[in-house]
Amino acid sequence: MPKKNRIILIFIAFFVIIPFLSSLVGFYTDWLFFVETGFSSVFTTTLYAKTGAALFFGVLMFVFALVNLFIVNRASFPLPGMFIVGGGNFRINRDDAVRLVKPLAILVTAVLALFAGNWGAMQWQEVLLFTNRVTVGTVDPVIGKDIGFYLFSLPLIEMLNAFAGFLVPVTTAMVVAAYYVRGGISLTERGAAIDEKVRRHLAVLVGVFACVIAAGFYLDSFGLLLSRNGAFHGAGYADVHARLLTFRLLTFLTPLAGAMLAVGIWKGAWRMALVPPIIVIAVYGLGIRVYPGLLQKFKVAPNELALETPYIENNLRFTRLGYDLDKIETVPFDVDLKLSATDITNNDATIKNIRLWDHAPLLKTYSQLQQIRTYYKFFDVDNDRYLVNGNYTQVMLSPRELSYADLPSKNWINERLIFTHGNGITFGPVSRISKEGLPEFFVKDIPAVSLADIKVSKPEIYFGELSNEYVIVKTKVPEFSYPTASGNINTTYAGTGGVALDSLLKKALFAAWFKTEKILLSSDITAESRIIYNRNINERVRAIAPFLRFDGDPYMVVDEKGRLKWIIDAYTYSNRLPYSKPLQVGINYMRNSVKAVVDAYDGTLTFYISDPHDVLAQVYGRMFPDLFKPLAVMPAGLRKHVRYPHQFLQLQAAMFAAYHMTDPKVFYNKENLWEIPSLGDKPMEPYYTIMKLPGEKVEEYILLLPFTPSKRDNLAAWLTARCDEPNYGKIRAYTFPRDRLIYGPKQIDARINQDSFISQQLTLWNQRGSEVIRGSMLVIPIEKSLLYVQPLFLAADKSALPELKRVIVAFGDQVVMEENLELALQRLFGGKSAPAAVAKAATVDMKGSQSTLAKEAMSIYERATKLQRQGDWAGYGEELRKLEQVLKQMAK
């Protein structure tokens with residue numbers, strides 16, 4: 001075989017055959033995955049959309065270019081035997097070049113058609129949105145189009161216009177090149193000489209391109225409603241009274257100018273051909289750039305509020321629509337300082353569920369106490385609520401996943417056949433601490449030991465946040481389950497997850513896909529073996545529903561049967577809502593409309609619609625009728641653990657900080673602008689708690705976030721999202737009176753720093769080499785008052801085991817620090833003594849007689865003096881705190 005042919009074959013193999021086979025393998029493994037999960041109809045619907053779009057754009061590109069090149073090849077020009085380029089020894093004869101025009105044109109057209117088809121396949125979502133579109137029933141206030149047009153039709157129309165804007169110029173360039181080779185266009189000393197047939201052909205193409213530009217101007221008019229305009233988003237006065245009119249004028253003027261340009265080219269009247277484009281450019285420059293700028297400067301700017309008020313109203317209305325802010329109910333909250341011991345007792349469920357354990361310190365503590373082996377890892381701590389021993393309790397839960405990066409011996413058998421899954425959870429209350437300052441547990445250890453009525457029947461975690469690419473189960477090699485003191489316990493997978501490796505073809509395909517021959521050659525794999533892939537839960541749900549955005553904080557729950565399930569919040573979104581203020585990523589419409597559930601053992605996926613009123617969710621339901629289920633059919637044991645996503649409330653709060661102002665004048669002047677308070681460099685995040693909302697009779701699980709006025713530290717309001725049925729998703733904003741000072745988190749933080757006893761204690765701990773970690777500041781509404789709670793963690797140097805040593809509680813002008821929350825509340829409010837377990841921890845009996853108290857005071861004083869002489873300043877400070885308690889009791 002000649003060397004030239006071998007090079008061609010290698011080129012074809014490397015750039016055509018190998019990529020095609022790789023795509024074929026990926027296609028088949030994806031198909032098997034969708035069949036495994038029960039969503040084959042989603043795969044086929046997506047496939048049909050991709051194929052249809054690819055064929056449409058690919059064939060259109062091929063046919064349009066080929067027809068034009070066919071017209072070129074039919075033309076003949078009397079210029080044979082001349083050279084195109086060249087001089088000296090290098091020349092290209094025109095006759096030789098003409099013979100290559102046709103095959104080369106077909107090849108170039110085919111390549112362009114392949115690229116166009118590939119690009120079209122990537123636009124499958126726009127195609128399906130358009131074909132399944134619905135009418136929203138709300139029209140934009142300027143052009144009068146239904147919002148559904150912007151969400152579902154406009155993306156496809158813009159895509160078609162963009163494709164036409166590529167198709168026509170590229171084809172024109174190919175046509176010009178072909179005419180030049182064939183002699184229809186020639187370069188002379190006097191310039192370019194263009195044959196009459198060529199002029200007519202180019203005139204038609206120019207006329208078509210003018211129509212494409214006119215369509216672009218028409219679409220730009222809709223883009224005005226999505227643009228940024230000074231103090232707000234969307235079309236303003238200058239846009240509506242200048243730019244919009246100009247775009248409409250250009251929509252009709254451009255085709256006329258294109259027709260005149262085409263006639264000028266057709267007739268060879270170049271002066272006539274140049275005038276129309278100059279007119280269009282002039283109109284565009286004056287109408288889009290110059291006149292709107294002058295209008296804004298000399299008319300709008302001096303009267304901005306009066307002229308822009310209707311458009312500010314549009315921005316307020318549609319931004320509130322875009323982020324579902326209209327459902328937020330604003331309720332006045334007349335705060336007072338009358339909270340009493342009786343109120344504390346009546347809100348006992350709220351007090352018991354105040355979260356003292358912060359996520360970061362608790363994650364470190366769990367890792368030290370419950371990791372068991374180095375190859376297990378706690379990746380995250382999730383917050384939820386359960387009915388524990390009959391009590392509605394807020395808990396912290398963390399799955400014990402397998403960390404493949406920390407396996408003691410890394411090889412293919414260990415990573416793929418033996419170490420296949422994590423094991424169990426660590427689960428405990430948010431507020432209870434041991435005498436050593438460590439968390440208490442409801443569920444702990446391997447195998448799971450339950451200290452409450454929460455049982456885990458299937459502790460194995462095959463699907464999680466740390467799972468690797470794939471594992472193979474039901475092999476001849478026993479799977480590692482968990483370690484014991486006497487040895488390791490093995491197990492065999494009994495679920496239905498994964499794909500059966502029951503044929504040589506499947507083994508070969510997966511070996512090629514995962515780029516390892518071991519799957520094909522391993523003697524440990526049998527016909528019963530199953531390969532489990534797409535194990536990372538985030539990647540798993542995205543593979544099924546790539547058109548949704550998924551929350552970055554999946555959380556695990558234990559259902560009524562004791563199985564472990566992951567719940568992942570998913571969002572529908574768009575960047576096409578008129579007048580709505582966009583996020584940094586461009587999104588200006590968002591809903592938490594979907595809850596995805598993944599079984600941690602077998603990977604079963606279920607998608608539930610939690611907001612059936614969302615128009616995007618309705619369209620996705622029409623696109624994929626077998627994908628979504630109504631939330632009402634979710635098992636009751638799971639539905640009890642559905643929660644409002646804190647990331648979405650954070651986003652809504654950021655918007656609501658400005659868009660709670662519905663009066664255009666107030667909004668324009670930013671008279672009542674709020675902000676999310678910050679402690680340090682980071683703004684506060686929403687936090688879950690169990691409490692009794694004002695006006696309600698029972699406690700419920702809620703998400704809470706405070707607001708402060710802009711550039712001020714006092715509180716302005718607090719926002720709460722309800723998580724329990726039947727009030728799930730309802731949001732209230734409780735606003736404080738503006739005529740009095742309500743301490744904000746930063747002000748309370750300053751009062752803590754100014755407290756002499758607390759600051760002295762913190763200094764002593766730091767001097768002794770310990771790291772003091774101040775936890776999250778929580779604002780807890782109780783009755784008509786506010787409690788501020790901040791846990792204090794202590795970690796020895798080079799130790800990753802933070803201990804919860806103190807709890808700081810503030811109320812009104814009082815700030816106290818105690819060993820636990822009960823003692824702190826008792827110091828603030830007196831009343832009923834702490835429970836028995838707490839009373840044992842308390843050194844001082846607060847009900848003692850005067851003589852007993854005097855003796856206790858003397859004893860404490862002696863101990864303090866002794867510790868002072870020994871230089872134990874931490875102990876000395878602790879004794880002084882106890883002495884203060886006794887003296888206060890004696891003074892009563």
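The values are calculated or read from the model by the stated rules, or taken from the named source; none is laboratory data. Quantities reported herein were computed from a predicted structural model and do not represent experimental measurements. No Cβ is skipped: glycine too gets one built from the backbone with ideal geometry, and neighbour counts run over all protein chains shown. Ligands, DNA and RNA are stripped out before the accessible areas are found, and what is left, the full protein with its side chains, is counted by its heavy atoms. Shrake-Rupley method; radii C 1.70, N 1.55, O 1.52, S 1.80 Å.
The table below gives the values:
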read-out	value
Selection count, segment 501-524, where residues are under 30 Å from Thr606 (Cβ atoms) and open to solvent by less than 20 Å² (accessible area, probe 1.4 Å)	3
Residue in segment 842-859 that is closer than 22 Å to Thr345 by Cα, within 47 Å of the chain's Cα centre (by Cα) and either assigned to a loop (DSSP other than H, G, I, E, B) or modelled with pLDDT under 70 (or both) present	yes
Failed criterion for Asn490 (all others in (1) surrounded by 15 or more Cβ atoms within 10 Å (Cβ to Cβ); (2) touching a residue at least 12 places away in the same chain (Cβ under 8 Å); (3) of a type outside the set (A, V, I, L, M) hold)	(1)
Residues of segment 753-798 satisfying the condition of being farther than 29 Å from Thr350 by Cα, among the acidic types (Asp, Glu) and not in a strand (DSSP E or B)	Asp797
Residue match in segment 542-562 (condition: out of contact with any Pro (no Cβ under 9 Å at 6 or more places or on another chain), of a type in the set (Val, Ile, Thr) and either free of Cβ contacts under 8 Å to residues at least 12 places away in the same chain or closer than 30 Å to Lys444 by Cα (or both))	yes
Qualifying positions in segment 860-877 - open to solvent by less than 80 Å² (accessible area, probe 1.4 Å) and modelled with pLDDT of 70 or more	Ile860, Ala864, Thr865
Where a residue in segment 298-325 is at positive phi and in contact (Cβ under 8 Å) with a residue 12 or more places away in the chain and its partner, wherever it lies, is crowded, with 17+ Cβ neighbours inside 10 Å and not in a helix (DSSP H, G or I), with Cβ under 7 Å and at least six apart	Asp324/Arg591
Single residue of Val168, Val175, Val198, Val208 found to be open to solvent by 20 Å² or more (accessible area, probe 1.4 Å) and touching a residue at least 24 places away in the same chain (Cβ under 8 Å)	Val208
Those residues of segment 756-788 which are more than 27 Å from Leu801 (Cα to Cα) and either crowded, with 16+ Cβ neighbours inside 10 Å or in contact with a Gly (Cβ under 6 Å, 6 or more places away or on another chain) (or both), in sequence order	Ile780, Pro781, Ile782, Glu783, Ser785, Leu786, Leu787
Restricting segment 734-749 to residues that are of a type outside the set (A, V, I, L, M, F, W, C), touching a residue at least 40 places away in the same chain (Cβ under 8 Å) and assigned to a helix (DSSP H, G or I), the residue that is most open to solvent (accessible area, probe 1.4 Å)	Lys746
Failed criterion for Asp380 (all others in (1) more than 30 Å from Leu520 (Cα to Cα); (2) more than 26 Å from the chain's Cα centre (by Cα); (3) assigned to a loop (DSSP other than H, G, I, E, B) hold)	(2)
Condition met for Ile279 (surrounded by fewer than 19 Cβ atoms within 10 Å (Cβ to Cβ) and more than 15 Å from Leu205 (Cα to Cα))	yes
Residue selected from segment 36-61 under the condition open to solvent by 70 Å² or more (accessible area, probe 1.4 Å) and touching a residue at least 40 places away in the same chain (Cβ under 8 Å), by the criterion farthest from Glu126 (Cα to Cα)	Val59
Residues satisfying the stated conditions in segment 436-481, i.e. crowded, with 18+ Cβ neighbours inside 10 Å and of a type in the set (D, E, K, R)	Lys444, Lys458, Glu460, Glu465, Lys474, Glu479
Residue list for segment 601-617, filter: open to solvent by 20 Å² or more (accessible area, probe 1.4 Å) and over 16 Å from Gly322 (Cα atoms)	Asp602, Thr604, Thr606, Ile609, Ser610
Verdict on Leu369 being farther than 30 Å from Leu719 by Cα, in contact (Cβ under 8 Å) with a residue 60 or more places away in the chain and either in contact with a Gly (Cβ under 9 Å, 6 or more places away or on another chain) or open to solvent by less than 70 Å² (accessible area, probe 1.4 Å) (or both)	yes
Any hit, segment 811-822, residues being open to solvent by less than 10 Å² (accessible area, probe 1.4 Å), farther than 30 Å from Lys327 by Cβ, assigned to a strand (DSSP E or B) and among the aromatic types (Phe, Trp, Tyr)	no
Any chance Asp724 is over 21 Å from Arg355 (Cα atoms) and surrounded by fewer than 21 Cβ atoms within 10 Å (Cβ to Cβ)	no
Some residue of segment 137-148 being assigned to a helix (DSSP H, G or I), farther than 24 Å from Tyr48 by Cα, at pLDDT 95 or above and under 31 Å from the mean Cα position of the chain (by Cα)	yes
Which listed residue, of Thr374, Thr365, is in a loop (DSSP other than H, G, I, E, B) and within 30 Å of Ser409 (Cα to Cα)	Thr374
Which listed residue is open to solvent by less than 20 Å² (accessible area, probe 1.4 Å) and over 30 Å from Asp195 (Cα atoms), from Ala238, Ala257	Ala238
Sole residue being in contact with an Asp or Glu (Cβ under 9 Å, 6 or more places away or on another chain), of a type in the set (A, V, I, L, M, F, W, C) and not in a strand (DSSP E or B), chosen from Met655, Met661	Met661
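Conditions (1) closer than 28 Å to Ile312 by Cα; (2) crowded, with 21+ Cβ neighbours inside 10 Å, marked per residue:
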{"position": "Lys670", "(1), (2)": "yes, no"}
{"position": "Trp674", "(1), (2)": "yes, yes"}
{"position": "Leu693", "(1), (2)": "no, no"}
{"position": "Glu696", "(1), (2)": "no, no"}
{"position": "Lys711", "(1), (2)": "yes, no"}
